[in-house]
Amino acid sequence: MEIGVISDVHGNTVALDAVFADMPAVDALACAGDVVGYNPWHAGCVEAVRERSIPTVSGNHDRAVASETRFAFNSMAGAGVAHARETLTEDQIEWLRSLPTTRREFDGRVRIVHGHPENPDRYTYTEEFSPDLLGEEDVLVLGHTHVQGHERFDEGVVMNPGSVGQPRDGDPRAAYAVLDLDDLAVTEHRVEYDIDRVREAVVEADLPARIGDRLAEGR
């Protein structure tokens, strides 16, 4: 069974469309949260995930939009949260509110969280991946750091597919991964998309220009 894994879409429907177009045929999809925030197409990204019935957990931006609380946000992140609240429908916000912070899928073999199994807001970078993060699952999927990577241990796999909408690992291309659940193998993917289109849309939405500018840097 092959699973397409995404995370940290952050309202970037241009990048999300590129990912879905580039992704090889898979049997299922999974999302490690932060569907909204930063970029201006929050509603489009919510609907793209909903219409595909993708198992999704709540990211810190998703929770901030749904509960009107903040996660020590800087001005860019705060502006994205405010924009999402203004442009999403109540039904879409309620969908964000309904997302769990953790879920087990695919007969319990895959656990999906946003930041860390014990704290959804904790950044867990690749160098911190260890078998201690694994419980009864074969695969732990994390997001939040916007840094792509994975490690395979005797106990199973810990993986971060990277960020679709705002990579921060120095590679501006949209990131995703494909998990082969039969072999416990992970293939990391990157795909180019029209960053200039996003930068223009950020300015048109009266969001901080830096949100779009940093996309070209992969930071």
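Please list, by residue number, every one of the GluC sites (Glu not before Pro) in region 30-126 that is coil in DSSP and has at most 11 other beta-carbon atoms within 10 Å. Walk me through the numbers on the way to the answer.
Numbers: sites: E47, E51, E68, E86, E90, E94, E105, E118; in loops: E68, E118.
Here the GluC sites (Glu not before Pro) that fit, given the DSSP loop and packing criteria, are E68, E118.
Could you calculate the FRET efficiency of D154 with E118 from 1/(1 + (r/R0)^6), where r is the beta carbon distance between them and R0 is 25 Å, rounded to 0.05?
Numbers: r = 22 Å, r/R0 = 0.87.
The calculated FRET efficiency here is 0.70.
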- Message: Restricting everything to alpha-carbon atoms, can you work out Rg to Rh for region 25-137 with a Kirkwood hydrodynamic radius?
- Response: 0.98
- Item | For region 12-85, radius of gyration divided by Kirkwood radius, i.e. Rg to Rh on alpha-carbons | 1.00
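Kindly state, to the nearest 0.05, the FRET efficiency for E192 paired with R52, given R0 = 30 Å and r defined as their beta-carbon distance. Kindly include the intermediate steps, with their values, before the conclusion.
On the way: r = 22 Å, r/R0 = 0.74.
According to the calculation, E is roughly 0.85.
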- Task: Evaluate the Kirkwood expression for the hydrodynamic radius of region 145-188, namely the inverse of the mean inverse distance over all pairs of different C-alpha atoms, and round to one decimal in Å.
- Result: 10.9
- Rounded to the nearest Å, what's the spacing between the alpha carbon centres of region 158-191 and region 1-45? Just the number, please. 11
- Query: Any idea what the dipole of the chain comes to, in debye rounded to 20, about its Cα centre with Lys/Arg Cβ at +1 and Asp/Glu Cβ at -1?
  - Reply: 660
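Sort 21-30, 156-165 by the packing proxy (mean of other Cβ within 10 Å over each peptide's residues), most packed first. Don't skip to the end; give the middle numbers.
Details: 21-30: 14.3, 156-165: 27.1.
Per-residue mean Cβ counts within 10 Å order the peptides as 156-165, 21-30.
Compute the semi-axes of the equivalent ellipsoid of the chain, taking the square root of 5 times each eigenvalue of the Cα gyration tensor, and list them largest first in whole Å.
On the way: eigenvalues 137, 65, 51 Å².
Semi-axes from the Cα gyration tensor: 26, 18, 16 Å.
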- Within region 150-174: backbone nitrogen closer than 14 Å to the E128 label point (7 Å, Cα to C-beta): 159-160
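All of the numbers you see were taken from the coordinates with simple rules; none came from a lab. Bear in mind the structure is a predicted one, so any value in this text is a computation, not a measurement. No Cβ is skipped: glycine too gets one built from the backbone with ideal geometry, and neighbour counts run over all protein chains shown.
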